[in-house]
Amino acid sequence: MDAEASPFESSETVASFLASTPLLIESWRLCSVANTTPGAAFVSHQIGDVGYFALSGEEDQCLSFRNLVALENAGHGLFPPLSNNNNNNHNNIINGEEEAVMVHAGLLKLFVSLRRSQTFQDQMSALTEKSKSIVITGHSIGGTTASLCALWLLSSLQSVSSTPSVLCITFGSPLLGNASLSRAILRERWGGNFFHVVSKYDIMPRLLLAPIESCSAQVLHFLLQCFQHFRNLGVHVQLRDEEKAALSSFVSAYLRASSLQEGEERESSSNMSYCPFGSYLFCSQEGAVCLENAVSVMTMMHLMFMPAEANPMCCIQDHLNYGDYVDKISSQFLKTSFMQQDELPESSYEAGVALALQSLGINSHEPAAAPAKECLKIARRLGRAPSLNCANLAVRLSKYTPHRAEIEWYMASCDESGEQLGYYDAFKHRGSSKKGNRVNMNRLMLAAFWDGVIKMMETNELPHDFHRRAKWVNASQFYMLLVEPLDIAEYYRTGMHHVKGHYLAHGRERRFEIFDRWWKERSINDQKQSRSRSKFAGLTQDSCFWAKVEEAREWLTNFRSETDTRKLHSLWESINNFDSYAAGLVQRKEVSKDVMAKNSSYMKWLQELADLRSQVL
């Protein structure tokens, strides 16, 4: 057994807790009303302080194609937090880092059309005003549309001080978007607002995971027609032989593709892959289990579905039987589970895994039992690992404090030096100084630490909202303000600007660009009101200030030798713009003392500019 340090947390407990509330029963009841009310795209209902909003799953055309489009196509202002991430992702695409936030094109179009309805706006506004909690729900395609609706509502309520809580519950809904959407939702801490109920053999939640060649528009249309036919006439309707063959072929193709993909990275560009988000309640006749980790959710979808190949008809029947599952789970959540004497587990952790397998309807002797058991264990390990890594990283950060302190001491000694060069220029012209070389070593060690932090972020080893946690935003900002001037000094000291070009365009390390973005995206609550300073800042608030000084020095040199009138005008404009910018920083005291040192590069530049102006003007 995999050793665990903390008490066992059973995923079955989460499922039982939700089943013990009226949320599942009431949500499914409203979904049934929405699906059976002719011409109704949605229905709403108020029960005390809880407002329910159910979307119909009757729309059968939007899944005809499975292509993804950027979420920003919905229009400006519909999904501000996710759209902001999407804008950042656009820059990341250029750098080859991360794909854009994308969603199913047909479903996005369906929701945008729905939202334009005045009736939709009126009912949603009424629910928001009357309710302390809003439950948005839907079955089948209506469930995925409900997810988009919940994302829109969460986005629109984010800037409001007092808002109702939002919960989205879906039943048998197809996946909505790609991995970037899943990560963006986690970064906003919205993962807990989404709860997806998936029955053992339902093909609909797995539909967009099937290989493209087996999931043609014709096959999709056939499946959707089957669902509609069975819903209207009952689940005991028999298919023709050719229809059974088509359904069996599709199920077999899906299972083959899932087997090949299991445990491997998904093929092709990740922006064309669908990825789950939120919590998934997998239910069977024996109970239910809740999973949150996306990899485990995908694996469990495959493992639970494996027996469906022997009876493809159950794929359609299970999609329409959520009422039975909800009633059974809700009425049996206090049922005592038991095991045979020869199957008694060695520990409470193993017992929890065994009970979870029972709830999934997977017999311990089935071929899927072993991988399903491992999937449950991995889900828990993956769920806890980012938080543990974050805690360990905080310990490691404290061990780097002496390296940072030595740099701060060096800065203070430069300010007190009789040479009056200042921090930046003293390091730039340090020569073979032992003290300067020691600081350079500390600079490199801190860079290695922060590069490691970024690598852990990009490999999903840290919490998805790591870059929004005040501790790490502030720590990275302080590091950048303290150390980037040294990086700039080293860049120009070694003449790299002659080889690559100026620092800002060609030499700035990627870590500083990322930390800049963290600082700009920090929570509004963390952005303190700016106050006028009574003395110079401890660190210059523009970490790239000295790189701008170096460029301004070159502009002065070029101005003296330039003869082209247009170029002279451009240079003079750039010089004056920087002069105004730097003067503003000094006036607001947003620079440190080293900027104003008598022999600093900036003070020399000011003197050269004054001399030039006296000649020109």
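Miscellaneous remarks
- Residues within the range 501-516 that are open to solvent by less than 40 Å² (accessible area, probe 1.4 Å), small (Gly, Ala, Ser) and not in a loop (DSSP other than H, G, I, E, B), tallied: 0
- Residue match in the range 487-509 (condition: in the same structural domain as residue 552 (by the TED database) and touching a Pro at 6+ places or on another chain (Cβ under 8 Å)): no
- Residue identified as at pLDDT 90 or above and touching a Phe, Trp or Tyr at 6+ places or on another chain (Cβ under 6 Å) among 108, 55: 55
- Helices (runs of 4 or more DSSP H) (entirely within the range 532-617) containing at least 2 residues that are over 26 Å from residue 500 (Cα atoms) and in the same structural domain as residue 414 (by the TED database): 565-587, 601-616
- Identity of the residue in the range 457-485, among the aliphatic types (A, V, I, L, M) and touching a Leu at 6+ places or on another chain (Cβ under 8 Å), that ends up farthest from residue 591 (Cα to Cα): 462
- The C-beta contact set for the range 414-427 (first residue under 11 Å from residue 598 (Cβ atoms), second residue aliphatic (A, V, I, L, M) and not in a helix (DSSP H, G or I), distance under 7 angstrom, 6+ apart or interchain) comprises 420/597; 421/597; 422/597.
- For the range 455-465, the set of residues classified as surrounded by fewer than 21 Cβ atoms within 10 Å (Cβ to Cβ) and either in contact (Cβ under 8 Å) with a residue 40 or more places away in the chain or not charged (D, E, K, R) (or both) consists of 456, 457, 458, 459, 460, 461, 463, 464, 465, listed by residue number.
- Within the range 122-164, tally of residues that are charged (D, E, K, R) and free of Cβ contacts under 8 Å to residues at least 24 places away in the same chain: 2
- Which listed residue, of 32, 64, is of a type in the set (Gly, Ala, Ser), at pLDDT 90 or above and surrounded by fewer than 20 Cβ atoms within 10 Å (Cβ to Cβ): 32
- Qualifying residue in the range 386-407 (condition: under 22 Å from residue 448 (Cβ atoms), modelled with pLDDT under 85 and open to solvent by less than 60 Å² (accessible area, probe 1.4 Å)): yes
- Residue within the range 275-293 that is part of a loop (DSSP other than H, G, I, E, B), at negative phi and open to solvent by less than 30 Å² (accessible area, probe 1.4 Å) present: yes
- Complete set of residues in the range 428-446 that are closer than 27 Å to residue 597 by Cα and of a type outside the set (D, E, K, R): 429, 431, 432, 433, 436, 437, 439, 440, 441, 442, 444, 446
The values are calculated or read from the model by the stated rules, or taken from the named source; none is laboratory data. Fair warning: this is a prediction, and the values are worked out from it, not measured in the lab. Cβ atoms come from the backbone with ideal geometry, glycine included; neighbour counts cover every protein chain shown. We work out accessible area using only protein heavy atoms, side chains counted, and drop any ligands, DNA or RNA first. Shrake-Rupley method; radii C 1.70, N 1.55, O 1.52, S 1.80 Å.
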